[in-house]
């Protein structure tokens, strides 16, 4: 997670404290790019309660953490020049994709440990069909969001992102 000058472990012995989504994201949930970085991604995803947080943004790749509330969705969108990879850590949902907004002919239920590959130019959405938040991470190549992006809610994301 951090560079501890060769030791691999922080001086205190703990990696990071628990996070419960109140106030600003703690220092460990912030964009670490483009610096070298390692992290237990499952733990980071599960402790994130914000709609979207950029965890690492480089010149050609970006990783974001997401928490989608029950009954909500990511929002129907299309990235013309960006491939996207999503991994579900916890929860269940329905992914839809297609060549146009009106032709979302790919439909697949997804659960814990599923991955979703979204080719550039495909319209897509991921709907949380469960009763608990859908916890996931998303990798974009090239980056889709500005370095340091934090969207606490979907409404905040819609305000700042033209893909919605």
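Read-outs: derived from the displayed coordinates by stated rules, not from any lab. Computed from a prediction, not measured in an experiment: that's the story for all the values here. Here the Cβ positions follow ideal geometry from the backbone for every residue, glycine too, while neighbour counts run over all protein chains shown.
A few remarks follow.
- Ranking of 147, 123 by count of other Cβ atoms within 10 Å, fewest first: 147, 123
- Stokes-Einstein D (µm²/s) once Rh is taken as the Kirkwood radius of the range 41-160 over alpha-carbon pairs, at 25 °C in 0.890 mPa s: 173 µm²/s
- The range 73-97 and the range 144-161 have Cα centres lying 15 Å from one another.
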